[in-house]
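The values are calculated or read from the model by the stated rules, or taken from the named source; none is laboratory data. Remember, it's a predicted structure, so these values are computed and weren't measured experimentally. Every residue, glycine as well, gets a Cβ built from its backbone with ideal geometry; the counts of neighbours run over all protein chains shown. Surface accessibility is based on the protein's heavy atoms, side chains included, excluding ligands, DNA and RNA. Shrake-Rupley method; radii C 1.70, N 1.55, O 1.52, S 1.80 Å.
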Amino acid sequence: MSVKSSDAQEAWEPKILAFCCNWCSYAGADLAGLNRTQQPPNVRIIRVPCSGRVDPQFIMRAFQDGVDGVLVAGCHPGDCHYSTGNFFARRRFLLFQRIFDYIGIDPGRLQNRWISGAEGDKFAATVSKVTEDIRALGPNRKLRDEHE
Amino acid sequence: MSDPSGEMRELAKKLLENGEVDRIIGWEKGNLWYQSPPLFITRAEETDRLVFDDFAINSLVTYLLDERDSGKKTGIFVKGCDSRGLVRILQDKQIARESVYVIGLPCSGKKDPRQALSSGASESSQVPPAAKCEECLYPNPVIYDVIIGEAVEAKAKGDRFAAVKEIEAKTADEKYAYWTSQYSKCLRCLACRNVCPACNCRECAFDISKPRILAKENNLSHNMVYHLTRAFHAAGRCVECGECERVCPMGIPIMQLNKKIIKEINDLFGPYEAGVKLDETPPPLGTYQTSDPEEFM
Ligand code: SF4
Ligand code: SF4
């Protein structure tokens, strides 16, 4: 995947990648759409079977290829379709955010939320909030692979 | 500390003669006074080459992985830090406990050949102890079949997270500038991976070219991903042997990231030390508590 931006500063819009669990947040995104809830168009969604499927390597690759922020959305703890995937994900991303912070990437660029299939409004609100957060942080150059 | 070489040689000889082991891995004296490289022997007459001096700093345990399918039995010498690496390999089920005869050596600290060179010393007594030994919490082997020598006491040490805290105090851009200055030096020689007891996968994600999971390009972006990925794969599993940093030809402070991860794991999920107990629950990222910190609501 490549999402290189045309680097024209004045036209900059945050580019955000969301990994959404098929069993909850992805349905939440669908519901937000069905309800025609207004939300900014900055988020591209990749559907994953579980937030536990999201490997930090996916996230780093996204930043290498030019996104400004990543959202990982999964089922509320206790609601995982596979019982425990999101509990493992929670540990993983608590730690990974702190690693990001340590190497100098604003941890706000990697956000995690639990959003159920019934929470269309929460999905839309989260997308708005994350977009605003990333807009405030500005374009990301860190970790970017400029060589391809 | 008295020189245990005599006892080491005697035991190694006996083990090989009895056919109790097929080979022995230890250290021998190198060509230069500040070198004691690994020694692999299969014949009893060679056991006189074994030494355990100030420069027997290399951990030998990852060599066990080379023979993991051979069905051979290895007699191996381990210091305190090495023994934790051995526990790592055993817990990860890379080798069977029965395939090793573990000879423990309490260790009062080793010296780094590179420091011997850079300090301009002409004999061992002039060389300072290796950095990792100054922070060592486990000078005595945590696993062994037999132990040679008296247990030594862990020295009272400074804060082993001091360097981490120093970096934490920087601003985001200072941190990034610091790490990029380090990672841009990386040659991607993979020495740090090859020596690591936690990097014991049969096929490493960095070696797989089809499908391309991780890139092989040597540039800053990919170097950073390499380091973050490797550290994350070892998260909760790193035994703090310091081998990665010792072997890095570019002097990259690899432990500063590993230690940060250890520090955070302790804070987030409770104190944990990898590779200390053989029969224990999965490492922190291989398990969870429903009561873990919740920040994602
Ligand atoms: S990451 Fe470094 S310190 Fe940790 S186990 Fe591997 S070689 Fe040892
Ligand atoms: S040993 Fe050093 S130079 Fe080699 S890959 Fe590891 S960090 Fe890079």
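Conditions tested, residue by residue: (1) within 11 Å of ligand 2 (Cβ to nearest atom); (2) within 26 Å of residue B:269 (Cα to Cα); (3) more than 9 Å from chain A (Cβ to nearest Cβ); (4) not β-branched (Val, Ile, Thr).
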| residue | (1), (2), (3), (4) |
| --- | --- |
| B:164 | no, yes, no, no |
| B:182 | yes, no, yes, yes |
| B:191 | yes, no, yes, yes |
| B:221 | no, no, no, yes |
| B:228 | no, yes, no, yes |
| B:232 | no, yes, no, yes |
| B:235 | no, yes, no, yes |
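Among the residues of the stretch B:190-206, those identified as part of a loop (DSSP other than H, G, I, E, B), near ligand 1 (Cβ under 9 Å from one of its atoms) and open to solvent by 10 Å² or more (accessible area, probe 1.4 Å) are B:196, B:199.
Is one or more of the residues making up the stretch A:41-49 open to solvent by 40 Å² or more (accessible area, probe 1.4 Å), more than 14 Å from chain B (Cβ to nearest Cβ), in contact (Cβ under 8 Å) with a residue 40 or more places away in the chain and not aliphatic (A, V, I, L, M)? Yes: the stretch A:41-49 contains one or more residues that are open to solvent by 40 Å² or more (accessible area, probe 1.4 Å), more than 14 Å from chain B (Cβ to nearest Cβ), in contact (Cβ under 8 Å) with a residue 40 or more places away in the chain and not aliphatic (A, V, I, L, M). Every condition in (1) touching a Lys or Arg at 6+ places or on another chain (Cβ under 8 Å); (2) crowded, with 21+ Cβ neighbours inside 10 Å; (3) facing another protein chain (nearest Cβ under 9 Å) is met by residue A:70 except one, and the failing one is (3).
Inclusion of residue B:276 among residues that are surrounded by 15 or more Cβ atoms within 10 Å (Cβ to Cβ), more than 11 Å from ligand 1 (Cβ to nearest atom) and more than 14 Å from chain A (Cβ to nearest Cβ) is warranted.
When the residues of the stretch B:238-273 are filtered to those that are among the small types (Gly, Ala, Ser) and away from every other protein chain (no Cβ under 14 Å), the one that is farthest from ligand 1 (Cβ to nearest atom) is B:251. Scanning the stretch B:53-64 for residues that are closer than 14 Å to residue B:24 by Cα and away from ligand 2 (no atom under 16 Å from the Cβ), we see that the one that is farthest from the other protein chains (Cβ to nearest Cβ) is B:60. On the basis of being part of a loop (DSSP other than H, G, I, E, B) and on the phi < 0 side of the Ramachandran plot, does residue B:159 make the cut? When the stated conditions are applied, residue B:159 passes them. Just to verify a result, which residue in the stretch B:67-113, among those that are among the polar types (S, T, N, Q) and in a helix (DSSP H, G or I), is surrounded by the most Cβ atoms within 10 Å (Cβ to Cβ)? My answer is B:83. Does the stretch A:100-115 contain at least one residue that is more than 9 Å from chain B (Cβ to nearest Cβ) and open to solvent by less than 10 Å² (accessible area, probe 1.4 Å)? Yes, the stretch A:100-115 contains a residue that is more than 9 Å from chain B (Cβ to nearest Cβ) and open to solvent by less than 10 Å² (accessible area, probe 1.4 Å).
Summed over the stretch B:232-284, residues that are at positive phi and either among the acidic types (Asp, Glu) or free of Cβ contacts under 8 Å to residues at least 24 places away in the same chain (or both) total 2.
Condition test on residue B:297, is it open to solvent by 40 Å² or more (accessible area, probe 1.4 Å), assigned to a loop (DSSP other than H, G, I, E, B) and at pLDDT below 95?
Yes; evaluated as a whole, the condition is true for this residue.
Just give me the residues in the stretch B:207-227 being small (Gly, Ala, Ser) and surrounded by 15 or more Cβ atoms within 10 Å (Cβ to Cβ), in sequence order.
Listed by number, the residues that qualify are B:215, B:221.
Residues that are aromatic (Phe, Trp, Tyr) and more than 7 Å from chain B (Cβ to nearest Cβ) within the stretch A:78-95 comprise A:82, A:93, listed in sequence order. When you look at residue B:240, is it away from ligand 2 (no atom under 16 Å from the Cβ) and surrounded by 20 or more Cβ atoms within 10 Å (Cβ to Cβ), yes or no? So residue B:240 passes the test.
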